[in-house]
Structures are given as C-alpha cells and as structure tokens.
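Trainee: So that we are looking at the same thing, I have put the structure below in structure tokens.
Laboratory data are not the source of any read-out in this text; all were calculated from the coordinates shown. All figures in this text were calculated on a predicted structure; none of them were measured in a lab. Here the Cβ positions follow ideal geometry from the backbone for every residue, glycine too, while neighbour counts run over all protein chains shown.
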Amino acid sequence: MADAGVTGVAAKLGELAAAEATALLRVDTEIRSLRRKLAYLQALVRGADRVRRGRANELLLLWLRETREVAFEVEDAVDEFHLRVEAFHLSVKGRRGWWHGAAFNLLQGLATQIAVRHGLSRQILKINERIDELNQNKETYAIESFPSETWNPSSIEIDPEWYEDGYIVDSRQSEFTSLKDQLINEEENVSHRAVISILGECGIGKKTLARKLYNDPDIMRHFEVHVWVCLPPQIRFTDYVETMYKQVSSEVPETHELIDKSPEGDDNLSLAPGDGETASKERKLRQQMQNRRYLVVLDGLVEINDWNSLFDVLPDDSNGSRILLTTRLSVKEINHMDPRIAPLELSCLETLHGEQLFCQRVFGAKKPPEIYKCKAYYEKIHNISTGLPLAIIVLAGVLRSKVIPVEWDDVLEQLETNGQPKPVGSIWSLAFDDLPHHLKSCLLYFASMSENIIIYPDRLVRLWVAEGFVVPKKGKTLEEVGFDYMKELVSRGLVQVMEKDAGGGIKLVAIHNLLHAFVESEAQDSGFLEIHHQANVSNPNAVRRLAVHNYLDSFVNIPNEFPKLRSLLCDFAEDQRSSSIYEMPQRQTLWGNFADLCLRACGNPERTGLNTIHGLHFLEGSRFLRVIDLNGLKIQKLPDEIGGIIHLRYLGIRNSNLEELPSSLCKLDNLQTLDVRRTNVRRVGDEFWEIETLRHVLAEKIMLSNCTVSLNNLMTLDGVEPSNPWHEEICPLNHMIGLRSLSLSGISETHTKALSAALKKMEFLVNLKLSGEFLPSTMFTDSSMRRLQVLILHGKLEDPHASHSDRYIMPNLTVLHLHKSELSQLFVDKLAALPCIAEMELLHGSYSGTKLVFPERGFQNLRKLKLKNLCILEELVVKPGAMTMLSTLAMYDCGRLKIVNGLTALEHLQELAFYNMEMTVDTIKHKDKKLFDKIKCLTTTRSLTKVDRDVPVGSWIRSLERPAPTLRVSGAPESPCSELESAGSVDPKATDDIKVHYSSGSAWVRLAQV
C-alpha cells in the first residue's frame, strides 16, 4: 500500500514546512517543492495500488516498490532533521544556568544550523532527482497507473443499530432452534457429554450463531457452568487450560476438598517451572467440573491435537453436559469426536435472507427506495457475495455511502469480469480502496494484533495518535477523532463490535479472521508492517514497523539494531509466576536449578530464557522509534539509552517484571503515552511530570509528585497515588484540569480539601475513580461534573449530609459503584433523580440503613443492580414505578435481609441471583412463587452437588463456601456490574490486561483498558 506511505510522508512534510525551524534554516522553499511533487506522485500511486492487487505486471510492481522507497527516504530525512534539531534543544536545556551558557549556545546554534541546513538540502536534492527518475522510467517503460477511476473515498454516518447481528433472528432461526433443542435436550434422551459441532467456511456466521446460543436466557439457566474458549492459533495447551480454569473458578470456587495436594512420590518440584502447576490446574479443573452440568464452547478449533487434549480434561458424568464446537474442519476430521451427534454444516444465505441482511446494513430501519428494487441490484449482490454473510456486510458498507444508483453501478462493475462475479476476496480489496486515506493506515494497524482476539479500542486509538494517523479536527481532541475513525470502520463492516458500554458506546472490538488475513497480507506486501513469530527479521536494516506474536515464549531474542524502525509491537506468552505482585514465589530445589541450567546449556528452545531478563539493547540502534509496546516480555529495567529516542510518543511495558524507570525518561519531550500496568513500577522522576506532551499515564500504583508545569494535553491519569500531603494551592491536579479519566488511590484527610478544589476545575472529566480513607462528596453537587459518566468510590464520603439541600448535578452519569460509603436513604433518594444511571453497585457497607427503598419513579434507566455485603440491611422495597428497566439484580451476603417487596412488578427483570442468602431465598420461595421462578441461580452454603427436588425447572443450586472471584472486562478504571456468573470481587488491577469476557463470545483479551 504505497498510497498510505506517500500520504503519511506528505503529511509530515506539511508539518515540517510549517515549522519555525525550517524558516530559520532557509530550507522551507525546498520542502514545499518536494511536497508538491509527492502530491502528484500520490495521485498516480492510488490507482496503481488498486491494479497491484489484480494481475499487475512486474514493471508496475517495481515502480511501486521504488516509489515506496522514495517515500521512506523522505521520512528518514524529515526524522533525521527533527532528531538533530531536538537533540540540540535538549543539550541547551541541560546547560541552563552556566554563566557562559548564552555565548556557547549561540556559537553552537550557528554551527548546528549550517550543518543541518546543508545536510537536509543535500538529501532533498537527491530525493528530487529520484522522483524525476521515477517519472522518467514511467514514461520510458510505458508503465500504466490510474488515479481513482470511478468514485472518491467517502465518509459515512454511523448508526448504532448497524452494530447488531440482527440477521440471526430470521436467516438462521431454524438452525438456532435445532441447536438449542440439542443443547437443552428437554426429552432427556441424550445424557452423555455430547459434542455439537457447527461447521462452515470463514464468514458464514458460525461464531455469531454460537454466541446467540451461549447468551440465550434458557441456555444460561440450564447449565451450571459456562465456558467459552476462543484463543489465537499457535499457543500453548497450558493457555487453554488456564482460560478454562479461570472461568470455571469464577463460577465454582475451590473448596478445601479440591485444594490440590501432590500425591506421595509425585515430586512436582523436579519438573521444569510451570509444568507442575499446569498438571495441578488440569486436575483441579476436572474436579471442579465433575458432577456439574456444563456448557463449553470451543470457538475456532483448527488443530485436532488441541481437541484431543481438551477432551481428556472435561469429565463425562452423564448429566447432560455439552461441548459446542465451531470450526472450519471438515465432517470427516471431526466425525470421531461424537459419532452419535450429527454436525450442523452452515450454508450461505438464500437470496431472500441475504437481501434482508443487506437492506438492514444499508438502510437500517428505513424502507429501501423502489428504484433499487427495480434495477435488480439484489440479484447482482447475491451473485457477487455468493450469499456469504461477511461479504454481504462488507459490500453493504461500501454501497451505503453511495448516494445515487449510478454509483452503485460503478461499484458493482468493479466486482465483475465479463458479466461474471470476481472471487469474494475482491470485495475486501474494493472496501479497502474505498476507505478515506487516513483510515487505510488505521485498518492496516489491526495486522499488528494477533488474529482471533478482542481488542480495547481505547488503546488502539492511542497507538493511532502516536503513529500520526489521526488528523486534527477543530473542536475535537485527537482521541475523539480517532474514535470517529473506529466508528466508521465499524459502520463499514470491517470491524465488529463485541460489546458496548453502559452508555451504548463501543467497548470491545474485533476483526474477522478473513479480514485479518487480508490486512495482514496487505500490510506485509506494502512494507507497512512486518509480522513474525520471532524477531529474526531477514533485513533488519529496512524494517519500519515490526510486530512479534509469540504465545509460546516469554523471552524472545531481539537483534541489536533496527536503524529504520518506527514501531515495535510485541505480544508474548505472559509468565505470571515471574511477577512478584501477582504470584507467590515458586519454590526451587537444587535439582530444579540444575535441570534448568542443563536445558539452557543444551539449547532447548522450549526452556531457554525462562529465567532470562531482556535488556532491550536494540534500543540504542533504533533512534527513530515512535512506538514501543511490549506485552508479556521479561524486563526488569529499561536502559538509560531510551532517553535518547526523542521521537518516542508511546511507551507501553505491560505484564512484566519491570521495577523502575530510568531518569533519562524525562528527556522524552514528545512522549504522549506511558503504560506500565501490571508491573512493579512505583516511582517516576519528578521531571517526568514536566513533559508537556503527555496525554495518557497508566500504571498500577505510581506516586504522583508535585507538578509545576501545566499539562494541558493530559487526558488520562490512572493508577496514581499522592506522594505527600496536598494543600489547596499545592496540588498537582491543579495543573491537569483537562483530564478525561482519573484513578487516584491512597487518599486521606490531608488530600480531600485540595482534591475537591481540583475536581471543580475538571469540566471534561468522564471517568472518575477515587479510593482512600475519606473522599470528598462535593462532586455530586459540582456543576463541573456534568460530563461525568463513570463514578467509582472506595471509601467513606466526607460529610455527605452537608449537601442534602442541594440537587445532584450529574446528568450523564451511567455507571455508579460505591464501596464503604455509609450512605443514607436520603442520599439514595437524591441519586434516584439522576436520569442516566444504567448500572449501580452498593458494596461492603456502602449503605448504612436497615431498610433500603427505591423511590417511586426513581432510577428510570437502571438496568443492572448489584448489592453486596450490606450486613445490616433487613428490608428491600421497590416502590411502584421505580427501576422500570431493571433486567439484572444480583445480591451477595446480605444475611439479615428478610423482606423483599416490589420485585414482582419489574416487567423487564430477567436475571435474579442470590448468593449466600438462604433465609431470603426461603422467604421468596414460600411467599412469591412468581418471583421465585425468575431466579437464575441460588447459591447457598448447603452441600449440594445436584439440582434440589424443590427447585423449579430452569433453576439450579450451587454449593459455595465463599463468593467466586470476579473476572470481567472493563472500559472504565474498574468494571461496571458484571455478568451474574461473576460472583465476587478482586482487585481490578489484577485483571486489567488479560480480561475474561463471557457474553461477547471470547475469553482471550490481551489488550489494556482505557
């Protein structure tokens, strides 16, 4: 994709031409001339890129490759210019205070200007000569290239309705009903652990259908344990076990009887690190699932060996357990899994169902214009797409941006040859060519992520901004513009929304495997990105972006130099045992250490580097780096040389042993994002808080020092705590008033007054999480909190009664979590008037009364409510007209609760769960049979392993000795109300970067949250 390369370089030249330094160095005229030549070249490259994906001749491919090389030379010249100028400014900054500094700086400045000017002028002259040569070769060899022929790339409006997979209701209804009957088996004629397979080609809708079944209320009630395994290819079997173990543990926590004890003579300590733990988890997983009816979904199985290994872990107790399998494997390959159950092979959509899907994606709820029916467009579309749902959706994303029928004709002509449809893959190329130029690079960036994983859009947008893909727009931040880009990719069907947040916004996204394969191929063919399993790049001197996906090793040898490298994105197998803040240290024996030494001496690739810490020595030779994002790589300390990478805009070191950051970090004057979550980093130099370009700082628990510089660009500050007492005049937050997200812990009485004053200045705040002994309560009445959407408070509110006479001003608040707040009924009444609260949690003594009343017409938008450990609560009353939209209610350990009134009137209540509240459940059972039938799960301390005779059909009872830990996905500093299976709570930071998400249909989320 030379087009994107030339576009990016032209943008850089525009920035350089406008810079003051170029005028001083008298090279601005030369730069503007070069920019004009590149603009003409870009117009030719756009058409040539489209031809390249067809049957392009070798001359055209050679011309495109040389054009791309010229663009890269321009980028190198611009970056080298910035490097030398900024290095000079940095050296001047370091000599401040010398009595002879002014004279020295003047002399050195003149010398630097002369050297840089001559160097840049020589480079521009050579580049202009190469461009002239390219144009001459094009004429000499009659190389044909065409600008955009039929339409201009277009932007389209976004409608949230198009996020939904609504076509499943009609087009797959018969398959859905058949599979649901097989899963539930009401006739009880299939009691063994049945394997139900959904087969079909990529893009046929296997995952969509499986997700619809998995989230069906009847199926959720029927099974006691629910597991969805969706992992990238080429991973360790231990990752499958780990994923299943986490999900099952969240629903069926270990009892004392299940705690694993190694049998006599079984010395696990003699095994290599992790082997004993894996075997132990396999045994525990099997024990936890025994005598329980479970549903396990294996999404995207591609290796029979994986299946055979997993099949051995899952017990068969002849209790109606089910395994739902989605795969591209053939009937012959999977037939041995369960010969008694015939697999379901999905076919492409029929014309009628394909038309319904197409119209939904193009016109939404509107009626299609008659002219589109008269011209028989749908027949053409069906022939071109072959009825493949993914192809229909992507093609609809292109056509819905075309206003008049003639534009539809032009598009469809591009997908036909002599009246016959081209291969379906041509639709991906067409959709890519139709993208606005700024979106092409954004889409290709998905190739840097492994296939079949779910992605947090917030992190992806931060990377786009750091790369320079996002074009500034008046009245919006770069991140807001980046989210608009994401929404447009979604509306075009190129990106899937996997989950929405409480406000209906995009929370999790994914890209289909077919489209991922396309963008990966396009990114590599165009030189945009190189993707490897190891870092053994054939030509390290030329690679500009490098992605390393390795889920087998946590140590990968990286060569010492990548002189042209701009971005390094690595995702490795995360070894939790290596991080002291998450796992207890592993016991080592003399034999264990000796065995590891022998393995390393013998060069065993599977064990080499298990205890090796990476030094990142390659940074010294990679001066142009803009993005470093390393996940799961073993690192204890960053080298001091990182301070010399002055182009660096994004530094992410997550899930590692990192313990400290070098003092040279303060030299990174262009740094926008620092992400050190799930590391041991606790401090950063005071001068770090003087980097004015900072936009996002995300950590576990890093000390926030006093700040004297206005950080007007800082939008996210998560995982920080005060380093010393604050005063109203001396508070670092006073210099960060543009924050959108703030997560602050360790708050005491010495901070509340200054914190309250600082919050009054933060008019753009959207997410707020505060934790400490005492928290200010003035935020509920401050007009500055009008934009706040997520509020999470851990701690006692400071004098909440002082503001009872005031109206609470939070018109956009959608998520509210309160922990240990000791609130009164009057406070709840005030909250009830807030119009947008959709999720609310009252936890651990957050309510101080014995009677909790939800007032009439209060909480009109509330959909999920969680009450936990309200130890003195005895009565719960829902007044008429209150919580009319409530669909989920979960209550935990409210042991004194005896009276529950008003729940029966909640028409939308679908899921009701009680945990460790046997007395409440018995009361409901005898007094309100209708309400009792709504209960999804009853968790008591009784020793039950099977369904109780007195429990109605569709309910089940689990035996728990303690609440299950929570594993959940979050778009805010802490997750909102979880799914019902998430029965307890853990420190949210423990699950920040690897999240298990049940309802969206994946359990493999490796990317960080907001």
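Trainee: Quick check on region 335-394: take the gyration tensor over C-alpha atoms, sort the square-rooted eigenvalues as a ≥ b ≥ c, and tell me if it's rounded (a/c under 1.5), prolate or oblate. Before the final figure, lay out each step's value.
Mentor: Values: a/c = 3.67, a/b = 2.74, b/c = 1.34.
Note, shape of region 335-394 comes out prolate.
Trainee: Here is a follow-up. Where a ≥ b ≥ c are the square roots of the eigenvalues of the C-alpha gyration tensor, would you call region 745-857 rounded, which needs a/c under 1.5, or, failing that, prolate if a/b is larger than b/c, or oblate? Intermediate values should be presented prior to the final figure.
Mentor: Values: a/c = 1.56, a/b = 1.16, b/c = 1.34.
Oblate.
Trainee: P(r) tail for region 439-552, what percent of Cα pairs lie past 23 Å? Walk me through the intermediate numbers first.
Mentor: On the way: 2012 of 6441 pairs.
Cα-Cα pairs of region 439-552 separated by over 23 Å account for 31 percent.
Trainee: Still on this structure, please answer the following. Exactly which trypsin sites (Lys or Arg not before Pro) in region 852-929 are in a DSSP loop and have at most 16 other Cβ atoms within 10 Å? Spell out each step's value before the answer.
Mentor: Details: sites: Arg857, Arg863, Lys864, Lys866, Lys868, Arg896, Lys898, Lys925, Lys927, Lys929; in loops: Arg857, Arg863, Arg896, Lys898.
Passing both the DSSP loop test and the Cβ count: Arg857, Arg896, Lys898.
Trainee: Additional query: What is the distance in Å between the Cα centres of region 288-363 and region 651-711?
Mentor: One Cα centre to the other: 45 Å.
Trainee: Something else about it: Using packing as a proxy for protection, rank 771-778, 371-378, 823-830 so that the peptide with the highest average count of other Cβ atoms within 10 Å comes first. List each step's numbers first, then the result.
Mentor: On the way: 771-778: 20.1, 371-378: 13.6, 823-830: 17.6.
Averaged packing, sorted descending, gives the order 771-778, 823-830, 371-378.
Trainee: Oh, and also: Using the number of other C-beta atoms within 10 angstrom as an exposure proxy, rank Asp686, Asp922 with the fewest first. Show your work: numbers first, answer last.
Mentor: Details: Asp686 15, Asp922 12.
The fewest-first ordering by Cβ neighbours comes to Asp922, Asp686.
Trainee: Long-range amide H contacts for Asn657: which residues qualify at under 5 Å (H placed 1.01 Å from N, peptide plane, sequence gap of 5 or more or a different chain)?
Mentor: For Asn657, the qualifying residues are Ile635.
Trainee: Long-range amide H contacts for Lys796: which residues qualify at under 5 Å (H placed 1.01 Å from N, peptide plane, sequence gap of 5 or more or a different chain)?
Mentor: Amide H neighbours of Lys796: Leu775.
Trainee: What does the charge count near Arg566 come to, summing +1 for each Lys or Arg and -1 for each Asp or Glu among other residues with Cβ under 11 Å from its Cβ?
Mentor: On the way: positive: Arg544, Arg545, Lys564, Arg623, Arg626, Arg649; negative: Glu75, Asp76, Asp79, Glu467.
Charge balance in the 11 Å sphere: +2.
Trainee: Between region 430-489 and region 885-931, what is the separation of their alpha carbon centroids in Å?
Mentor: Cα centroid to Cα centroid, the span is 45 Å.
Trainee: Name the residues whose placed amide hydrogens come within less than 5 Å of the amide hydrogen of Ile747, ignoring near sequence neighbours (fewer than 5 apart) on the same chain.
Mentor: Excluding prolines and chain starts, which carry no amide H, the hits are Ser771, Gly772, Glu773.
Trainee: Using θ = phi - 60° and the Karplus form 6.51 cos²θ - 1.76 cosθ + 1.60, what ³J(HN,Hα) does each residue of region 434-439 get, whole Hz, x for Gly and Pro?
Mentor: 6, 5, x, 4, 5, 7
Trainee: Right, something else. How large is ³J(HN,Hα), in whole Hz, for each residue of region 694-702 in order, when computed from phi with the Karplus curve 6.51 cos²θ - 1.76 cosθ + 1.60 and θ = phi - 60°, using x for Gly and Pro?
Mentor: Values, residue by residue: 4, 10, 9, 10, 10, 8, 7, 7, 9 Hz.
Trainee: Follow-up question, since we're still on this one. Residue by residue through region 859-874, which ³J(HN,Hα) values in whole Hz follow from phi under the Karplus form 6.51 cos²θ - 1.76 cosθ + 1.60 (θ = phi - 60°), with glycine and proline marked x?
Mentor: 6, 5, 10, 5, 10, 10, 9, 10, 10, 9, 6, 8, 5, 9, 5, 10
Trainee: Just how large is the dipole of region 349-433 about the Cα centre, in debye to the nearest 20, putting +1 at every Lys and Arg Cβ and -1 at every Asp and Glu Cβ? If you can, show how the numbers build up before the last one.
Mentor: Numbers: 9 positive and 10 negative charges, 63 e Å.
Around 300 debye, computed over region 349-433.
Trainee: Could you state the per residue volume, in Å³, of the convex hull enclosing the Cα atoms of region 332-486?
Mentor: Values: hull volume 28.7 nm³, N = 155.
Taking only Cα atoms, region 332-486 has a hull volume of 185 Å³ per residue.
Trainee: Shifting gears a bit: How do the peptides 726-736, 336-346 rank, highest first, by the average count of neighbouring beta carbon atoms within 10 Å per residue?
Mentor: Values: 726-736: 17.5, 336-346: 14.7.
Descending packing order for the listed peptides: 726-736, 336-346.
Trainee: Still on this structure, I have one more. If each of Arg340 and Asn185 carries a label point 7 Å out from its Cα toward its Cβ, how far apart are those two points in nm?
Mentor: Computed distance between label sites Arg340 and Asn185 equals 0.7 nm.
Trainee: On each of the three principal axes of the Cα atoms of region 349-433, give max minus min coordinate, whole Å, ordered largest first.
Mentor: For region 349-433, the Cα spread along each principal axis is 30, 27, 22 Å.
Trainee: What net charge is computed for the residues neighbouring Glu139, neighbours being all others with C-beta under 12 Å from the C-beta of Glu139, Lys and Arg scored +1, Asp and Glu -1? Walk me through the numbers before you get to the answer.
Mentor: Details: positive: Lys138; negative: Asp132, Glu133, Glu144.
It works out to a net charge of -2.
Trainee: In what sequence, highest mean first, do 214-224, 444-454, 390-400 appear when ranked by Cβ atoms within 10 angstrom? Walk me through the numbers before you get to the answer.
Mentor: Working: 214-224: 18.1, 444-454: 22.5, 390-400: 24.5.
Most protected by this proxy first, the peptides run 390-400, 444-454, 214-224.
Trainee: Here's something else I'd like to know. Assign one of three labels to region 655-800, namely rounded, prolate or oblate, based on the Cα gyration tensor with a ≥ b ≥ c the square roots of its eigenvalues; rounded applies when a/c is under 1.5, prolate when it is not and a/b is larger than b/c, and oblate otherwise.
Mentor: Numbers: a/c = 1.73, a/b = 1.51, b/c = 1.15.
Taking the square roots of the gyration eigenvalues as a ≥ b ≥ c, region 655-800 is prolate.
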